[in-house]
Amino acid sequence: MRLTYFIAFFATLFAFVVPEFAAAAADVAEVVLEGAPKPSRMDYPLIAGISARTLAWSMAQMHLFLAAFVLAVPLFAIATEFMSVITGDDRFDNMAREFMKITMAAYSLTALVGGGLLLSLLVFYPHLMGYLIKVFRGQMLIYAALFGLESITLYIYFYSWDALRRGNRKYYHMSIGLLLNTVGLTLMFVANAWASFMMSPAGIAPDGAITGTVWEATRNPLWNPLNLHRFLANIAYGGAIVGGYAAYMFLSEKDKKLKEHYDWMGYTSNFIAILGFIPLPFAGYWLMAEIYAYSQQMGITAMGGILAWLFIIQAVLIGTIMLAANYYLWSGLMRTDRGAQYTKYVKYIAVVIVGGFLVWVTPHTLILTTDEIQNLGGTHHKLLGPLGIMPAKNTAVNLMLVFTFLSFQMFYRSSRVPVVSWAKSANMVIVALYVVGIANIVGAGIYGYITPTVYKVGASVPQVVTTLSIIIGSVIIDVFMLRGAKSEKVHWGRMTERSQYALFVLPVAFTWLMGLMGYIRSSLRTNWHVYTVMKDNSSEAYIPTLGDAGNTITGITLAFMAVMVFVFWLSRLGATKQKGTEGAV
Amino acid sequence: MTTGSFRFTTKRAKDKSKDGKMGKYVVFVVAIVGWAAFFYFIDKSIMQGQGLPVGADLMPV
């Protein structure tokens, strides 16, 4: 009965609040005809020699790391909870609760760093913040209200877990989880609107005078590509962080049962990370294509100017992620007795992953001395030069994704023996799909070398569709073929300690990668706060050297890793009882 | 008699396995042709859908 009151309270709250939100979002602009502020260098406060840019950059990046994590984990926590309802297996429910336990420890830190970011922006960039508040008006208040709602739903979702665990109550609990995720995603979309507005402003005149509605400013050209990219990246990132936690617990625990649990948790987290990661490059391509469409100059700054070199580092990090994820999957083959029969394929997959990695890191233009240019006979290497352009890189990344999926498929198959009479034929259909699909990806890559640029760019789309076709086609055939399959025992916990370090590599490489790409995205505005509308006249309105940028990004990454170790330790501390007090409530 | 029967059984089993292998390869060849047609259709549709006209050989026209 009390629960009914509780739900009724929320329903009433929503009924009152949502129309207010809608009205604020659709707020018709009071036409403000003055343009964007033009602050002079003197308008930027200098306080105790603090580098305002580095402070705001660090705070924003740290907030984004934590926010990505606390927004993503509830998404797959509710999916895991749903699995427990479908399968009736309590292990899923326990794991979902454990996912949330880590989030709880990180949530207050997210708010704390978010507050720090807001303060540093208000103190050091008052004119910019004043202008953004004018553009987005009531939406800023909506954000604050949503943040409150997010906190309430998050706490209720976690603390009501045991009270709403069985029967119909489980559905109430999942409804709260659904509300939590809806609010969380909306928060992210709102924040994305501000970041993307600074890159591709809309709803304003060329001088910055506000002429449109809040919705027009929100729905700027880069908003949706950024939404999709961040949504997928958050899933992959959240999975990687939780995988790191599972590896930490696997290595720390001595109890066999707990080791089995954390091995399973590590496997599931790695699966989630890969699931989010596979479509991520495609979302990235869309974002970059939209950047080019919005401003060719901005696109060239990213891919052909000073920032282009950072994409080589990006390739190194993504290659590291691919290698680590695959290594973990290959190690997992030892969990099943049939797994050994698949190990003979590992070396071939490794060749493709490493080969793809090397193609991806091959730069187009080399930094050379005069002597080196003379010896080479030009600025491009005769054999390796062609690998520096996009058709080669698109081909490499698609093949790496296809073979990563194959690694996963091998592990999945290793614990299931099909019983249907047409299993051999179905296998042949899958093999043919891989053969023709891979030929199509490679063919489309070669096509890019012999056709005009517009066709070269266009050919990357069939490559993406081919990769997705291989994955979706294989999954569909596997689902039917393995229906009623004989299950082999999976020996959870039968993993080397070495393999767990692959799970540590993933969050570190992901964090570094996000820091790097976040820096690139933000730097595309060059010396503008709001691109082409409001100039940055501070003393730090320049793109730092690659070395300086790399050091700052690495520093932030290390700081975040320290925070995560603290969060993991905190979660473990919460479950630790002093000797002799085990029975205490 | 036992030996003969054994041989007979073995031969049949071998024949059956050969048929199975043949069937498997027939399926493989048919699947190759089917998937090739599928990807050809996909490639052509996507290129034309992007406003990039291509001929039957998928080359720009």
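The values are calculated or read from the model by the stated rules, or taken from the named source; none is laboratory data. The structure displayed is predicted, hence computed values, not measured ones. Here Cβ is always computed from backbone atoms with ideal geometry, including for glycine, and neighbour counts include all displayed protein chains. Only protein heavy atoms, including side chains, enter the accessible area calculation; ligands, DNA and RNA are left aside. Shrake-Rupley method; radii C 1.70, N 1.55, O 1.52, S 1.80 Å.
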Gap separating the Cα centres of segment A:441-506 and segment A:31-104, nearest whole Å: 29 Å
Quick one: Debye curve from the C-alpha atoms of segment B:20-61, no solvent, what's log10 I(q)/I(0) at q = 0.16, 0.19, 0.26 Å⁻¹? -0.51, -0.60, -0.81
Label segment A:66-121 by shape, choosing from rounded, prolate and oblate, from the square roots a ≥ b ≥ c of the eigenvalues of the Cα gyration tensor; if a/c is under 1.5 it is rounded, and otherwise prolate applies when a/b is larger than b/c, oblate when it is not. prolate
Using the Karplus curve 6.51 cos²θ - 1.76 cosθ + 1.60 with θ = phi - 60°, what ³J(HN,Hα) values do you get for each residue of segment A:177-185, in whole Hz, with x for Gly and Pro? x, 5, 5, 4, 5, 4, 5, x, 5
Once amide H atoms are built 1.01 Å from N in the peptide plane, which residues 5 or more positions from A:T336, or in another chain, come under 5 Å H to H? A:H491
Per residue of B:28-39, how many C-beta atoms from partner chains lie within 10 Å of its own C-beta, taken as a mean? 6
Calculate what fraction, in whole %, of the accessible area of the protein assembly as shown sits on carbon and sulfur atoms when a 1.4 Å probe is rolled over the protein chains. 69 percent
Mind ranking A:V479, A:V183 by accessible surface for me, highest first, 1.4 Å probe? A:V479, A:V183
Partner chain coverage, peptide B:48-55 - average Cβ within 10 angstrom: 3
Subtracting the Cα-Cα distance from 0.36 nm times the residue separation, let me have the gained length for A:L258 to A:A79 in nm, one decimal. 62.2 nm
Taking a 1.4 Å probe, which of A:W264, A:W215, A:W330 shows the most accessible area, and what order do the others take after it? A:W215, A:W330, A:W264
Taking every pair of distinct Cα atoms and averaging 1/r, then inverting, what Kirkwood hydrodynamic radius in Å comes out for the protein assembly as shown? 27.7 Å
Over chain A, what relative contact order in percent results from Cα pairs under 8 Å that are six or more residues apart? 18 percent
In nm, the gap between the two label points placed 7 Å beyond Cα toward Cβ at A:R165 and A:M42 is 6.7 nm
Can you give me the distance in nm between label points at A:V479 and A:N375, each placed 7 Å from the Cα along the Cα-to-Cβ direction? 5.7 nm
Vicinal HN-Hα couplings computed from phi for segment A:120-133 (Karplus, 6.51 cos²θ - 1.76 cosθ + 1.60; Hz; Gly/Pro x): 5, 5, 5, 6, 8, 10, x, 5, 5, 5, x, 5, 4, 5
Long-range amide H contacts for A:E488: which residues qualify at under 5 Å (H placed 1.01 Å from N, peptide plane, sequence gap of 5 or more or a different chain)? A:R416, A:V417
Collect residues whose amide H, placed 1.01 Å from N in the peptide plane, falls under 5 Å from the amide H of A:W528; neighbours closer than 5 in sequence don't count. A:D536
Please identify every one of the chymotrypsin sites (Phe, Trp or Tyr not before Pro) in segment A:489-585 that sits in a loop by DSSP and has no more than 14 other beta carbons within 10 Å of its own beta carbon. A:Y542
Mind checking segment A:117-217 for trypsin sites (Lys or Arg not before Pro) that DSSP puts in a loop (not H, G, I, E or B) and that have at most 13 other Cβ atoms within 10 Å? A:R166
Report the trypsin sites (Lys or Arg not before Pro) located in segment A:301-406 that are in a DSSP loop and have at most 11 other Cβ atoms inside 10 Å of their Cβ, or state none. A:K382
Distance from segment A:133-179 to segment A:380-417 (C-alpha centre basis), Å: 40 Å
³J(HN,Hα) computed for each position of segment A:369-381 - Karplus, 6.51 cos²θ - 1.76 cosθ + 1.60, integer Hz, glycine/proline x: 7, 4, 4, 5, 5, 5, 4, 7, x, x, 7, 10, 6
Averaged per residue, what accessible area in Å² does chain A show with a 1.4 Å probe, protein chains only? 45 Å²
When the charge dipole of chain A is computed with +1 at the Cβ of Lys and Arg and -1 at the Cβ of Asp and Glu, the Cα pointing farthest to the positive end, of A:A293, A:I204, A:G448, is that of A:G448
Evaluate 2.2 N^0.38 Å with N set to the residue count of segment A:420-570, then give the Cα radius of gyration divided by it. 1.63
Of A:G385, A:V530, A:V352, farthest towards positive along the dipole that unit charges on Lys, Arg, Asp, Glu beta carbons give chain A: A:V352
